[in-house]
Structures are given as structure tokens and as C-alpha cells.
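Below is one structure; the comments refer to it alone.
The values are calculated or read from the model by the stated rules, or taken from the named source; none is laboratory data. Computed from a predicted model, the values in this text were never measured in an experiment. Backbone-built Cβ (ideal geometry, glycine too); neighbour counts: all protein chains shown. Just so you know, the surface numbers come from the protein's heavy atoms only, side chains and all, with ligands and any DNA or RNA stripped out. Shrake-Rupley method; radii C 1.70, N 1.55, O 1.52, S 1.80 Å.
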Amino acid sequence: MTRVLGAAQAVAYEPVIGLEVHVELATESKMFCGCRNRFGAEPNTLVCPVCLGLPGSLPVVNRRAVELVCKTGLALGCSIAHVSKFDRKNYFYPDMPKNYQISQYDMPLATGGAVTLPSGKRIRLTRIHLEEDTGKNIHGGGAMAAASATLVDYNRAGVPLMEIVSQPDLTSPDEAGEYLAALKAVLSYLGVSDVKMHEGSLRCDANVSLRPVGTQDVGTKIEIKNMNSFRSVVRALQYEIQRQTDVLRAGERVVQETRTWDEERGLTYATRSKEQAHDYRYFPDPDLVPLHLDDEIVAAWRAELPELPLAKRDRFLAAYGLSRYEADLLTGERTTAEFFEAVVAHCGEPKAAANWLLGDVRRALDKHGLTLDATRMRPEHLATLICQVRDGVVSGRAAKEVCEILVRDGRHPAEVVAERNLAQVSDRVAIEALVGEVIAANPESVAAYRTGKAKAFEFLVGQAMKASRGRANVELVRTALRARLG
Amino acid sequence: MSNKPIDMDIAHVAKLARLALTDDEAAQFAAQFAHLFTYIRQLQELDVDTIPATAQVIPLRNVMRDDIVTPSLERDAALGNAPDWEGPYFRTPRILE
Amino acid sequence: MRCGHEIREAVIRRQVSAEEVTRAALASIEALEPTLHAYLCLLAERALKHARVLDQRIAAGDDPGPLAGVPVAVKDIFCVAGEVTTAGSKILANFRPPYSATAVERLEAAGAIIIGKTNMDEFAMGSSCENSAFGETRNPWDPSRVPGGSSGGSASTVGAGSVPIALGTDTGGSIREPASFCNIVGLKPTYGRVSRYGMIAFASSLDQAGPMTGCVRDAAITLGAIAGHDPRDATSVDEPVPDFCAGLRTDLNGIRIGIVPEFEEHIAQSDPDMAALYRRAYEDLRALGAQLVEVHLPHVRYGLATYYLIAPAECSSNLARYDGVRYGLRVETDKDVYTMFEQTRAAGFGPEVKRRIILGTYALSAGYYDAYYLRAQKVRTLIKRDFDDAFTQCDVIASPAVSCPAFALGAKTADPVAMYLMDYFTIPMSLAGVPALSVPAGYVRDLPVGLQLTGPAFAEAGVLGVAYAYEQATGHAQSRRPAVMAAAHR
């Protein structure tokens, strides 16, 4: 009997992807106690009876955490619940001090809303809720199964954690990457989190299933965990889509399971779970009372929202005559956008400001391992430098050297220019003398130019600039050379 | 009132509760629950479809604290009651996934 | 021993020192412990140290508060910083909390001398004090009988006259039932009146701390000391704390007292002698000037079923933290962490606690939540509404506190449901969150029993007022002496 493989192989599949993003909120203190919310402290030094779950301790909600979740919801167009509550999610794990997690089950703070991708596509959200983070298990050396013991640090236990759940609207790994970048931009604009994936302040799980192109079938959903960067999310999804495609094309079924992304090996593997079925036994936390958020407080939070990335991008396009590419890059992070606008305010040169920020400033930051937040360069310094170039005070080439020093040391450009003697030479007598020297030193090029070789002219300009260490005003050099060579 | 056995997979429930029960305990509990449920089943007599649930009797809402840092425990106090520890960490048997 | 307020007067007037009072209390406790076993630990040195500091303050002209120099015992469910706090469980046999319960801090701030930690049913689950992992406590009126529970140690030591005041907790009757059995006053305040911070949780939506005292005035003073908003407990209510002593009165003119036919039917069926005693008590209230009115609580018959879903559900979650990782007992294993959890919890919890954990886990589990837990929460609403309606017709409800006097040790240990039924009259008030008090009401077969007085939320002053008038008029508690006290005097 012939197997009807042809038909199966011919089917093209498309992925259906949803993301669950966990964001640690940038509060001063933890979700339900006054312990400091900080990454990287000595193990078990940011703990108290409440976040260690000692008998008799009780949680009290951090007002700021509620505000940050609601502001995120407002920024993403969600409805903010008039009534919300906290529930207990019951399961045992050594990193959970109470063996239940205070979370939100059926009455989350925010529902609906969407994340808009740069393309304009809207990825709808299901909900945003607030919960507490768990501690960290450190497995004594090597693979988990081989370790003889688990060590636990509860510093992270009780850190406020916001969970943002998308609908399965994403249709490719790249789109998932764009979603995360767009979401990260909004979160950083709002200042609700420091969104550092490598420190775990932003974590992501993905659900992915395949269906034949053009159908509305619901395929078997696979959950992927342990992705530690945007890039690993994209890679893991690419891997998983290929794996599921292979399974389906082989005429087999995708088994519903949770899979773990292995960054080093670049693959996902099924997570062995001892728990046969999760039964979290959610119920309202009797230690806490409901939240009632009236229109007044929600309106006040809405009024405090900053301009968000896409709105800012559109404004930059309209107001500054930038390219779409430049506007996207400048508005990707709030600090960059704000720095840009401050520079423009001082020098009125948006195009030049964009070029410098996206070019030499970015390179200098990378070279010195800095960020715009961390550099001591002031926007008015960069503005001054841009004006100096425009006004011929320094040459473009010298300005690059100045820029790096500004980024690295945060000094005033005028000071750097004076100290390094980088001011542009526009003095006619000096230029004449310089050009005279270059002509005298390069008779072959002069001869070549006179026989019609245009390239030789540029060589002579270059020699003049080199001899002046880039300080000579290049236009004056050209004029003088032309005049002398007739 | 008859002590009808109730619909409970006691081994499964004990697993969820992470509580090892002996066979004798399980059998004894099952009989006792059968008795108790002669009372609990009385709740089925009531029509509660339109009745709201009471999770808390007090009419409190929006009880929140300001985002202010208060001192944490000294690490020795944090680890002071731990049955086992290693350096600055609590220590448990390994986790089998 | 005299009442707490009398001791305070004597200490303030320097007729006796706090240290002498403390030593006398310790001596009485030590003499009776072999018979009663009311304590899990005595804090003798700590108490004497505090007493001496207090005496110095008084000598310097200070008024250290309304409980100055009064020895107070606290149920071992309250954390006292640095002192072993077990909640009557093997799983916490060596636990030393690094902090104190708010109620304990407030007692000490009022000048009380915390003298020791009293025995209790494990995690407050029980009605006889026989569920303690550290042996049962006995009733001072008859040491072959239970003191009631779960606050049995507190009731026993106050009933025996060793201390005038103890702190208990009440989830479904754990203050009122033992108070009734030991011939003392026991008050469960309104839910939210006293902070639960540092009080080891059994069922969070029901647990409430309250005073157990030899007289009504001491209950009023103690409640005043421990009540009030605590920012560390989100369920503690920010209500003003009145002077509860100001409401104490000697007549009941103009007071409407509700009698509940549903309760009277139940007590008549349970024990005609008890029913007769309560009828006399109601007549005594009428004789004091009260108007008796009939009020119905149609849903209280569902109280037991409702309670035995809600309380175990909350307990199953609250007790999940006892896993052998951060504190408490651990059973070592060379297997994985889950095996350690399961064996630790099997070894650390007693049968009643295990029973409730299993029951509560079941009530919350997938497929059963709506039928059991959610339905129970809805019936809780009906019970609460019953009380709301009743209190439109009366100021205070009078009812039995218990259906029988103290029973013999071991009489009900084999039958959990029989034990659960001990709380028939006390559970509805816990579910409704309203304040309720048991005050000595006389003797049935030579054993004391209590009258339960219940008021609307935050009306403790009214309840204490009725109790005081009744106590002053009848003097039941003073009319006889407990067996152990008589023995001590022979």
C-alpha cells in the first residue's frame, strides 16, 4: 500500500504564537513587605518574616506596584478593573516561601489592550496581572538531576512581578522579537521596570502551535521556557517551529508539553514534570482585601503617562524631517529620544543631531562600554559641537575626535578643542602656505593633475588635510589649490 | 443520614498537599469524611445561584502600604531556624524535574 | 488570685510589687502544672526581668499602663521574639520567631507581664486541647475532663486562678468553648478588631485573638489594650477603639436581647439540663431590665458544613509553608526535595491537622471548587445576612455557648464529627465575623457552662456591658471554686 505522503508534505504550516512576559517592577520595596527590591545583593540579606513566609507574618500590598501595573495597562490601551483582587496559587516548590504564590486569577488589574508593532500591526493582549516573584534555586553544580542538593536564595522572593499575556496573534519568530522590542520600549518609557533580560527583570515564556496555512485550526500548543534574551526567543521559536513542522510532515502528532530552551545547544527539549496535572487550587487570599480603583485615580494615572514610543516617533517624523529609520532608532529608548530633543533644543539642527547620536556618539559609547544614561556628556555639549562644525570652528574630522572625548570624559567641547589645538584653520595666509608646501612636495601629482587626472586633485587635498592634522578648512584648501594650479 | 463514601481520590489529594499518608490513615480519613459529608451535603439544599460569595466579612478595600524600604533581617536571623544551610543559602535535597 | 484590674491597682499603689505578683503566679503555675499541663513553656526569667523594670518605673512615678504588673499567659500560637513558639505542633517544636505578635507587643506596652506560652490543639484545630503534640491539658474543675479547645491551656490556667488573664484565639469557638468549660470569660472580638500579625494562621478569614479572663472587666481592659489598627495586617480595621470599661453597666434597662429559636431547639435536643440552665439565664437577663425578643437565624444550621469547608481550605494553604526548608522539623532523606516535603509533613503534623489539610485541599481542587468552597462562601453570606437582620431587632443575642459541659478526656477523640459538633453554637458568629463572648452561667452536673452573648460588628462594648450586668447580678463564677484550687487549699 502506498503511503499518501505527498499530500502531507505539500501542506505548508504557519505558526501561531503567544507570549507571556514577566516583568519585575522597579519599586523601591518588595510587593508585600518593606525589604529592598534590588538585584545582585548578597544571598538572603533582603529577606524578612513576610517574604520568608515565617508563621504569623502577613502581606500588605505595595501601592506603587499597583500603580505601575495600571499605568502599563493604560499605556497599552487596556481596561483597568474597577474591582480587582489577589488570589493564592498553590503549589510546592522550594523557591516559594509559603508554597503558594500571591497572584491574580480571575480579576486581574488590566484586561484587553494591545502592543503595536512598528509595522502598525496590533498584537492583542489578554490581561496584565500583578503577583510576587519567587526566590532562586541554585543547583549544586552541573545538571539538575546530578546535583545532590539545591541551595535557595530568597532575595528575589516577593519582588513585584507583572505578567503580560498576549493573544496568539504573532505569526513569526521575528514578529515575536518585534513584539518584545516594542513592549520593552513602552516599559522603559514608563519607567516601570529596568527591563534587563540578562538580570531576569524581563522574562518570557512562549506558546507556539502550527496550523495549515489559511486555516483557523487550533494546533497542539507547546510552551517554551528558559529563554534569556530577545535573540533566544527568536531562535527558540525558529527551532520549535521547524521541529513541529518535521513532526507533522512525518505524519505524527505534536504532543502537548512544556519544553525548555537550551541556549548552548540551540534546541528545545521536553521538560520532565513529576506533577501529573497542575491543580493550583486558586482561591481569594484571605489575608488581603479587594482593590477598588475608581475613575478618579485611573484618570490621575493616565494624566501622568509620558509620550509613548510610537507617538514620539510620529512626532519626530513630522517635526524634525527625519527618516523613518532614524525616528525608529531615536525613539527606541526614552533616554535617547530625550537626549536628542535636548540637543535639538540647544542647536536647532535635528538632522545633524540624529547623525551624531546614531553615528559617532553610539560608536563612542560602545567603545567605552557606556550607555547614554551613564555618560557624563551633556546634551548641550553635543549641541555646541554640532554648532562648531556648522560654523566652521572645527572640521568634521576633528569633531569626531572631540566627540569621543565628550562621551568618555564629559568635558565641554570648547575646552577640548582649545586644549588639543583642534580649531579649524580658515586663515587665508596659513592655507596659502599649506597649499604651497603640498605643491612643492608632490610634483608628480601636480603634473598628473595638469594632464587632466582629476583624482590627483583629491590626493593633493588629502595631503593638505593630513599635513594640518585635519584642522584646515577643506573648502578653503580646495579653492587655494585650484587657484594655484590654474 | 447515611455515610455515603465521597468522590475523593485521597492519594491524589495527598500528593497535591505533599503529605505522605499511610494506608490506615487514608482509610480512616475516608470513613470520617463520609460521616462529615452527611452535614456538608446539606449545603446542596440551598439555592445560592444569585448569592455573592463572602471571602472576607469586613468591608475593607484598598488597604495598601507606601513603597518604603524597611530593614530586612540580619542573615543569621534569616537562616537561624533553617534545618540545613550552606554558606549564605538555605539547603534542600535536590529537585528532580 | 484576684482580678487583673485589682492587681494593677495594688501594683500601682505599691501595695505589692510586680515582681511579687509574678513570683506568686509562677509558683501557682508550677504547683498545678503536674495536674493541668496548661503550659508549653514558662518565660519565668523574662517575666521577672520585665516585672523588675516595671517596678522601677512605678517607683519613678510612671504609670506603665492599664495592665501594669498583671501576669498574662499567651497561647503558644502568638510569636514572642526569640522564644520557642510551636502552635502545639511537632513541626514547629524548635521554632524561635525573630519577631513578636502585635497583640503581644501591645499587651507588654500596656504593662502586662507575659508569663508563659499555653498549650493548645495543634494549629488551633480542635475543641478539647487533646490535639496538642505535647500532651493534653486538663480541666481545673475536674482533671479527668478536657479544658476545651483550642485555647485550652489559656482557659485552664485562668480557670485555675494561676493568672487573671490569658490571650487566646478563636476561629470557630476556640476562645468561647474552653472559657465555658473552665468557668471564665472569653471574648472573640469582631474580625479585624485585633491584629493577626505574628499570630500563627489557621484559617485567615476567621482567626481572631481575644481575651480569656476571670472577670468581665478584665476582658474589657485587655481588649482595649490589644485592639486597634495595625499597618502590618491588611485585614485589621481602622476603627476607633473605645474605652470598653465605660460601657460596663449594672442594669439592662432598654436593652433588647434576642433569643434564637433555632439554637433553643438544638440545645433542647442535645441536653435538657443545659436548656433549662439557659432558660434561667435568659430570665436573669429579663430581671435586669432587658426586653427579650425572638430573632431568627435560619441559616445557622448550615454553619458547621460551611465552616468545615472554608476553614480547612484556608488551612490547607496556610500550612503549606511547613515543608522543612526555612524553619521547623525536617525529615532527612537521600531522595529528592518532594520526598522530603511529604515525609516531613507526615511526621510533623498530627492526625487532625492532616485530616483538615486533606479536606481543604479537596474542597479547593479542580472540579470541586464550585460545589464545595464557593458554595460555602455563598452560604457564609446567608449566615452573615441572618445576623445583620437579627441585629435590626435586638442589641445583643443570648444563646448557649456549648451544648454540654466539659467532657471526659478521650471521649470524643475517635469521632471527629462529634468533636466538630462541640462548636455548633460558636461557629456561626465566626463565619459572620461578629463579636461574641462566653460568660459563666452556672453549673450543670457540677460543671460550669457559659452563656454566649453576641453583638453586631464592632459592638464589643455593648456585649461586655450585658455580660458585666449579668456577671455582677449572678456571681456564678464566684459561687464555687474549681477542684484544683480546693485541693491546693486543703
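Below, the figures for the structure above:
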read-out	value
Stokes-Einstein D for chain A, Kirkwood Rh over Cα pairs, 25 °C, 0.890 mPa s (µm²/s)	91
Chain B - mean residue ellipticity at 222 nm from DSSP helices (-39,500 (n - 2.57) per run, n ≥ 4, rounded to 500)	-9000 deg cm²/dmol
Rg to Rh quotient for segment C:432-471, alpha carbon positions, Kirkwood Rh	1.06
Rounded to whole Hz, the Karplus (6.51, -1.76, 1.60) HN-Hα couplings of segment A:208-222, x for glycine and proline	9, 9, 10, 9, x, 3, x, 9, 10, 4, 10, x, 6, 8, 10
Label zone at A:THR335, where the point sits 7 Å out along the Cα-to-Cβ direction: segment A:188-216 residues whose backbone N lies under 17 Å	A:188-202
Beta bridge orientation in chain C: antiparallel %, DSSP, nearest 5	65
Convex hull volume per residue in cubic angstrom - Cα atoms of segment A:48-103	113
Set of lysines near B:LYS15 by C-alpha distance (under 23 Å), chain-local residues within fewer than 8 positions excluded	A:LYS89, A:LYS98, A:LYS274, C:LYS90, C:LYS335, C:LYS354
Net charge dipole size for the protein assembly as shown [Lys, Arg +1 and Asp, Glu -1 on Cβ; Debye, nearest 20]	2600
DSSP beta bridges in chain A [antiparallel fraction, %, rounded to 5]	95
Å² per residue, accessible surface of segment A:307-419 at 1.4 Å	46
By average C-beta atoms within 10 angstrom, highest first, the peptides C:377-386, C:74-83	C:74-83, C:377-386
FRET efficiency, C:CYS41 to C:THR250 (Cβ-Cβ, R0 51 Å, nearest 0.05)	0.80
Principal axis dimensions, segment C:156-258 - Cα atoms, whole angstrom, descending	38, 33, 26
Spin-label proximity, A:ASP391 to segment A:331-360 - amide N less than 12 Å from point 7 Å beyond Cα toward beta carbon	A:347
Note, ³J(HN,Hα) from phi for segment C:290-304, Karplus 6.51, -1.76, 1.60, rounded to Hz, x at Gly and Pro	6, 9, 8, 10, 8, 10, 9, 10, x, 9, 5, 5, 8, x, 4
Alpha carbon centroid spacing (whole Å) that separates segment C:209-251 from segment A:62-95	35
Volume per residue of the C-alpha convex hull in segment C:248-288, rounded to whole Å³	73
Dipole of the protein assembly as shown [Lys/Arg +1, Asp/Glu -1 at C-beta], most positive-end residue of A:LEU183, A:LEU130, C:TYR99	A:LEU183
Other-chain or far-sequence residues with amide H under 5 Å of A:CYS204's (modelled H)	A:HIS22, A:MET227
Distance in nm between pseudo-label sites at C:ALA59 and B:GLN28 (7 Å out along the Cβ direction from Cα)	5.6
Vicinal HN-Hα couplings computed from phi for segment C:412-421 (Karplus, 6.51 cos²θ - 1.76 cosθ + 1.60; Hz; Gly/Pro x)	10, 5, 7, 10, x, 5, 4, 5, 4, 5
Protection proxy ranking, peptides C:428-437, C:201-210, average beta carbon neighbours within 10 Å, highest first	C:428-437, C:201-210
Heavy-atom accessible area ranking, 1.4 Å probe, most first, across A:HIS139, C:HIS229	C:HIS229, A:HIS139
Under 5 Å, built H, 5+ apart or other chain: amide partners of C:LEU40	C:LYS117, C:THR118, C:ASN119
Label-to-label distance, nm, for residues given as B:LEU46 and A:THR245 (7 Å Cα→Cβ offset)	5.8
Stokes-Einstein translational diffusion, segment C:22-178 - Kirkwood Rh over all Cα pairs, 0.692 mPa s, 37 °C, in µm²/s	215
R0 of 56 Å, Cβ-Cβ distance A:ARG411-A:LEU267: FRET efficiency to nearest 0.05	0.65
Kirkwood Rh in Å, taken over chain C so that all alpha-carbon pairs contribute	22.2
Percent of C-alpha pairs per 10 Å bin, segment B:17-97, short to long	11, 16, 19, 27, 24, 4
Computed over segment B:4-44, the ratio Rg/Rh where both radii use C-alpha atoms and Rh is Kirkwood	1.02
Spherically averaged projected area in nm², based on the convex hull that wraps the Cα atoms of segment A:428-485	3.3
Nearest-0.05 FRET efficiency for A:THR371 and A:VAL218, computed from C-beta distance (R0 51 Å)	0.75
Mean ellipticity per residue at 222 nm, deg cm²/dmol - from DSSP H runs of n ≥ 4 across chain C, formula -39500 (n - 2.57)	-12500 deg cm²/dmol
Estimated 222 nm signal from helices in chain A, with DSSP H stretches of n ≥ 4 weighted -39500 (n - 2.57), rounded to 500	-12000 deg cm²/dmol
Label-point separation, C:GLU265 to A:ASP314 (7 Å along Cα→Cβ), nm	6.9
Kirkwood Rh and Cα Rg combined as Rg/Rh, segment A:238-311	1.24
Spatial separation of Cα centroids for segment A:215-284 and segment C:326-361, in angstrom	33
Rg/Rg_ref, segment A:307-419, where Rg_ref = 2.2 N^0.38 Å and atoms are Cα	1.01
Segment B:4-44, dipole about Cα centre (Lys/Arg Cβ +1, Asp/Glu Cβ -1), debye to the nearest 20	200
Using alpha carbons only: equivalent-ellipsoid semi-axes of segment C:263-398, gyration tensor based, whole Å	43, 19, 13
Taking the convex hull of Cα positions in the protein assembly as shown, its mean projected area over all directions (nm²)	58.8
For C:378-391, mean number of other protein chain Cβ atoms within 10 Å	3
